[in-house]
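*Asks:* This is the structure, below, for whatever I ask next.
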Amino acid sequence: MKPAPFDYHAPRQLKEAAELLATLPNAKILAGGQSLVPMMNFRYIMVDHLVDLGRVHDLRGIAVADGRLRIGAMMTQRDLELSPEIARQCPLLAEALRHVGHRQTRNRGTIGGSLAHADPAAELPAVCAAYDAVVHLASVRGMRAVPFRDFTTGYMATALTPDEMIAAIELPIWRLGHGYGFHEFARRQGDFALAGAAALLDIGAGGVVRRSALALFGVGERPLRVDAAEATLTGKAIDHVAIETAAAAAWLVEPISDIHAGGDYRRHLAQVLSGRALADAARRAGVEV
Amino acid sequence: MAKQATRVTVNGKSHARLVEARLTLADFLRHELGLTGTHLGCEHGVCGACTVLVDGRSARSCLMFAVQANGCDVTTVEGLTPDGGLSLLQQAFMDHHGLQCGFCTPGMLVTLTELLRDNPDPSEQEVRQALTGNLCRCTGYAGIVAAALDTARRLSNGSGA
């Protein structure tokens, strides 16, 4: 047996789960376990109590209301990959899921787990950054809604308090016909990316960009929105030059250097991948660039 | 840490045990049930040797606890093998030299069984994509991919499953 001993709890109700988290000392939430269990097997993490959310029905489901797509935190990445609702309403998320791990890990890994783990090179936090998602947190004190910008607070750090869990994620739905693009570079399929870019473009009459979003991942301590790129795009006609100019704004990021890649190389990737993601987004919105 | 009850159906047979919560599903299968067909390579979710089907979906059994599988239906490599013979996929692995040392083979077979169930006519690219989560350190991927594609061909020719 690899992990240190712990007690296991499998609540069926959200309220019961919240009470366990509020009262048990040194407790951790088990979602899909695809990041937590490896860390437990290495004994990087030793807990006294594990609260498995796998049987809490209230944390599942996909629903569309008031122009927003609401995803239960315990929906697996595979559930989302197969959802026609997500493919239609939030195609950027569907595109990104193809890059997440492997089928065996997507079958178990959840969207809530991915956001709570907050790996800076992970795909799903980057998608949430691009969409300006809202993360709904539950505890014995009730629910609170946190904009994604405020949810990630640093390297693998979030606004979650120890007694809170992610209940749901809300993504604002962009106008039908909007464009999206997602590109990452990883050494092997399924690895965390050295760098990646997620783009959304809403293009109106005359090819004028009505709204844009560009998020980068793998280049900072958390996913970044490139506000400068969005500012150069919005309100102007999209073309090859506009995309190159916007992608150049990615040059401003100051990525980390580690054994996998140097900061300069990551910055280069961020720029190239931003250009490709924006070009895909423009094409999918019906504009050849 | 009191032991906890878990009841798991494995290859069609129900097993109830009292286990430590930290017992992984992989160790449960191997040590409690004696089903040593499931192999453990890295024990941290990278190599894919321990892949089993949980409620019909592939999963790394080193990243699940036996207590999490309470009430689940698990299929291991032993469960893929029909009585008195090999499955079409297993036979194809033999025919195409799809196994050398054999350590990764159980995970490969389970992963490809899921793929061929959901996509009976995959392209080579789709087969390779499906296998990204399974490492073969003999690097015998060519034979494994050939075995999967040959199985797909035989399935589409209607020569039985």
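Every read-out reported here was derived from the displayed coordinates using simple, explicitly stated rules and does not represent laboratory data. Note that the coordinates shown come from a computational prediction; the quantities given were computed from them, not determined experimentally. In this analysis, Cβ positions are derived from the backbone assuming ideal geometry, glycine residues included, and neighbour counts consider all displayed protein chains.
*Asks:* Residues with beta-carbon under 10 Å from that of A:HIS260, excluding A:HIS260: net charge, scoring Lys, Arg +1 and Asp, Glu -1?
*Replies:* Every neighbour counted, the sum reads 0.
*Asks:* Still on this structure, I have one more. Run the quick spin-label model on A:LYS236 and B:SER123: label points 7 Å from Cα toward the beta carbon, then report their separation in nm to one decimal.
*Replies:* My value for the distance between the label points is 3.7 nm.
*Asks:* Answer with one residue from A:LEU137, A:VAL51, A:TYR155: the one whose Cα lies farthest towards the positive end of the charge dipole of chain A, charges on Cβ with Lys, Arg +1 and Asp, Glu -1.
*Replies:* Comparing the listed Cα positions along the dipole, A:VAL51 ranks first.
*Asks:* In whole Å, how far is the Cα centre of the range B:25-91 from that of the range A:56-102?
*Replies:* 27
*Asks:* Shielding of A:187-193 by partners, i.e. mean partner chain Cβ atoms within 10 Å per residue?
*Replies:* So the per-residue partner count for this stretch is 2.
*Asks:* Taking a ≥ b ≥ c as the square roots of the eigenvalues of the Cα gyration tensor of the protein assembly as shown, is the shape rounded (a/c under 1.5), prolate (a/b larger than b/c) or oblate?
*Replies:* Judged from the Cα gyration tensor, the protein assembly as shown comes out oblate (a/c at least 1.5, b/c at or above a/b).
*Asks:* Taking amide H positions as placed in the peptide plane 1.01 Å from N, state which residues far from A:ALA195 in sequence (5 or more) or on other chains have amide H under 5 Å from it.
*Replies:* A:PHE185
*Asks:* OK, next. What is the extension gain from B:CYS101 to B:ASP73, computed as 0.36 nm multiplied by their sequence separation minus the C-alpha to C-alpha distance, in nm to one decimal?
*Replies:* Using 0.36 nm per residue and subtracting the Cα-Cα distance, I get 7.2 nm.
*Asks:* Output the antiparallel fraction of DSSP beta bridges having both residues in the protein assembly as shown, as a percent to the nearest 5.
*Replies:* 85
*Asks:* Sticking with this one: Could you work out which residue, out of A:ALA197, A:ALA17, A:ALA215, moves most in a Gaussian network model of chain A, that is, has the largest mean-square fluctuation with Cα springs under 10 Å?
*Replies:* Result for chain A, Cα springs under 10 Å: A:ALA17 fluctuates most.
*Asks:* Further, regarding this structure: Quote to one decimal, in nm, the extra length available between A:MET156 and A:ARG43 on full extension: 0.36 nm per residue of separation minus the C-alpha distance between them.
*Replies:* Going from the current span to full extension adds 38.9 nm.
*Asks:* Taking the Cβ of A:ALA250 as the center, what net charge do the other residues with Cβ under 15 Å away carry, scoring Lys and Arg +1 and Asp and Glu -1?
*Replies:* Around A:ALA250, the charge tally is -2.
*Asks:* Indicate the gyration tensor shape class of the range B:1-156 (rounded, prolate or oblate), computed on the Cα atoms with a ≥ b ≥ c the square roots of the eigenvalues: a/c under 1.5 is rounded; otherwise a/b larger than b/c is prolate and the rest oblate.
*Replies:* Because a/c hits 1.5 or more and a/b exceeds b/c, the range B:1-156 counts as prolate.
*Asks:* Given points 7 Å out from each Cα along the Cα-Cβ axis, report the B:ARG17 to A:ARG144 separation in nanometres with one decimal.
*Replies:* Those two pseudo-labels are separated by 4.3 nm.
*Asks:* So how many Lys-Lys pairs in the protein assembly as shown land under 28 Å Cα to Cα, not counting same-chain pairs under 8 apart?
*Replies:* 7
*Asks:* Cα centroids of the range B:104-152 and the range A:26-47: how far apart, whole angstrom?
*Replies:* Computed from Cα coordinates, the inter-centre distance equals 30 Å.
*Asks:* Turning to a different aspect of this structure: Got a sec? Which residues in the range A:52-93 would a label at B:MET1 touch, if it sits 7 Å along Cα→Cβ and we count backbone N under 11 Å?
*Replies:* Output list for this probe position: empty.
*Asks:* While we're here: So which residue, out of A:LEU176, A:LEU36, A:LEU92, gets the largest mean-square fluctuation from a GNM of chain A using Cα contacts under 10 Å as springs?
*Replies:* Result for chain A, Cα springs under 10 Å: A:LEU176 fluctuates most.
*Asks:* Under a point-charge model restricted to the Cβ atoms of Lys and Arg (+1) and Asp and Glu (-1), what is the dipole moment magnitude of the range A:16-159 relative to its Cα centre, in debye to the nearest 20?
*Replies:* With only Lys, Arg, Asp and Glu charged at Cβ, the dipole is about 180 debye.
*Asks:* Given the options A:PRO125, A:LEU233, A:LEU92, identify the residue whose Cα lies farthest towards the positive end of the charge dipole of chain A (+1 on Cβ of Lys, Arg; -1 on Cβ of Asp, Glu).
*Replies:* A:LEU92
*Asks:* What average number of partner chain Cβ atoms lie no more than 10 Å from the Cβ of the residues making up B:62-69?
*Replies:* Average per residue, whole number: 6.
*Asks:* Any idea what the dipole of chain B comes to, in debye rounded to 20, about its Cα centre with Lys/Arg Cβ at +1 and Asp/Glu Cβ at -1?
*Replies:* So the dipole magnitude of chain B works out to roughly 340 debye.
*Asks:* Then there's this: Let me spell out the model: positive unit charges on the Cβ of Lys and Arg, negative unit charges on the Cβ of Asp and Glu, origin at the Cα centre of the protein assembly as shown. What dipole size does that give, in debye rounded to 20?
*Replies:* 300
*Asks:* By the scheme Lys and Arg +1, Asp and Glu -1, what is the net charge of all other residues having a beta-carbon under 13 Å from that of A:ASP79?
*Replies:* Spelling it out: positives minus negatives among the neighbours equals +3.
*Asks:* Let me ask you something else. Full-extension gain between A:ILE173 and A:GLU85, please, as 0.36 nm times their residue separation minus the C-alpha to C-alpha distance.
*Replies:* Full-extension gain reported as 30.6 nm.
*Asks:* Roughly what would the spin-label model give for A:ASP132 and B:THR9, points 7 Å off Cα along C-beta, in nm?
*Replies:* Going by the 7 Å Cα→Cβ label model, 4.8 nm.
*Asks:* Among B:VAL10, A:PHE42, B:ALA92, pick out the residue whose Cα is farthest towards the positive end of the charge dipole of the protein assembly as shown, where Lys and Arg carry +1 and Asp and Glu carry -1 on C-beta, about the Cα centre.
*Replies:* B:VAL10
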